[in-house]
Structure formats: structure tokens, C-alpha cells
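Shown next, in C-alpha cells, is the structure this report addresses.
The values are calculated or read from the model by the stated rules, or taken from the named source; none is laboratory data. As the structure is a computational prediction, the values presented were derived from the model and not from experiment. Methodologically, a virtual Cβ is constructed for each residue, glycine included, from the backbone with ideal geometry; neighbour enumeration extends over all protein chains shown. These area figures cover heavy atoms from the full protein model, side chains too; ligands, DNA and RNA do not enter into them. Shrake-Rupley method; radii C 1.70, N 1.55, O 1.52, S 1.80 Å.
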Amino acid sequence: MKKSLFSLVVLFASILLFTSCSDEKEQPFSIIGEWGMVSGTISDADGTTDRYDKLSSGAYYQLLEFRTDGTLIRTYMPDYIRSYGVFTFNNVTNMLSYKYDGDRFYVRANVQIIDADEMIVTTDYGTSIGRITQYFVKID
């Protein structure tokens, strides 16, 4: 009787140990930080599509740095050409609005959250211009 009771206690303790270890909490998504574009597409109004194939790990078409103060820095690679701007992000609707210095209007984009370190940003400029879809991974 004591052996079976001991075995039962060990079994329950093992189950508790394994279930508590496997229930790691996912990190919440935050747009704040530096993101690298690793692939994407540009679809023009005339129907042509330019594809940017997935780059190897550590290589990016551009970098976006979203700062807590609402400022944004875009860096085009490989020439490190920078543009500065401002943004807002609604974490309920996943809508991103941004504009760079010198732009007159804000651009709206939809953010599809893959997980805490991956997102797809789709900017639809309308039927007369086209759409850009960009896949980003978080760098920091």
C-alpha cells in the first residue's frame, strides 16, 4: 500500500513538474524596437509585381526602428541611407500610421502579427498606385 501511494505521489509530482515547465508565457508583441525587412512584394497599379526574395539570416533590405517617443528611422541597405519620421501604432486594430520628414500626409498600414519577433506590414496606396507587403523580423 505504501509503495503504491508513493508511486502515485511521484506520478502527480512529475505531471505537475512537466506541465509547469512547458507552459512558458509568450512574449507580448511590441512594435517598439528595430526590425529588419527580409522579404516582400510591390504590386503596381498596372499589374506588375516586384518580389524581394527572403534574405539569409542577418541580411536586410531595410531597417525600421520604432522608438518609444513616436519617432521612426528607416535605413535602406546596403548604402545605409536614412529617413526620419513619426508614427503611431494601435495595438487593438494593428493599424500603423507613419510619415517621414518632408511627406505631407500620413500613410496607413496594416500590421499582421506573426509572433513577438515577426510581422508583415501591408501598405495599400489605392488602385491608382499599388500595394507593398513587407516581412520583418525583430533584431533587438
*Between residues in the range 64-88 that are closer than 17 Å to Tyr52 by Cβ and residues that are not in a strand (DSSP E or B), which pairs lie under 7 Å by C-beta distance while being six or more apart or on different chains?*
Met77/Tyr60; Met77/Tyr61
_Extreme residue, most open to solvent (accessible area, probe 1.4 Å), among residues of the range 55-99 that are of a type in the set (Phe, Trp, Tyr) and more than 17 Å from Ile31 (Cα to Cα)_ = Tyr80
*Pick from the range 28-63 the residues that are touching a residue at least 12 places away in the same chain (Cβ under 8 Å) and small (Gly, Ala, Ser): which of them is farthest from Lys99 (Cα to Cα)?*
Ala59
*Search result, residues across the range 90-113 that are among the basic types (Lys, Arg) and either under 12 Å from the mean Cα position of the chain (by Cα) or farther than 14 Å from Asp124 by Cα (or both)*: Lys99, Arg104
*Any chance you could count how many residues in the range 78-89 are more than 21 Å from Arg104 (Cα to Cα) and in contact with a strand residue (DSSP E or B) (Cβ under 6 Å, 6 or more places away or on another chain)?*
0
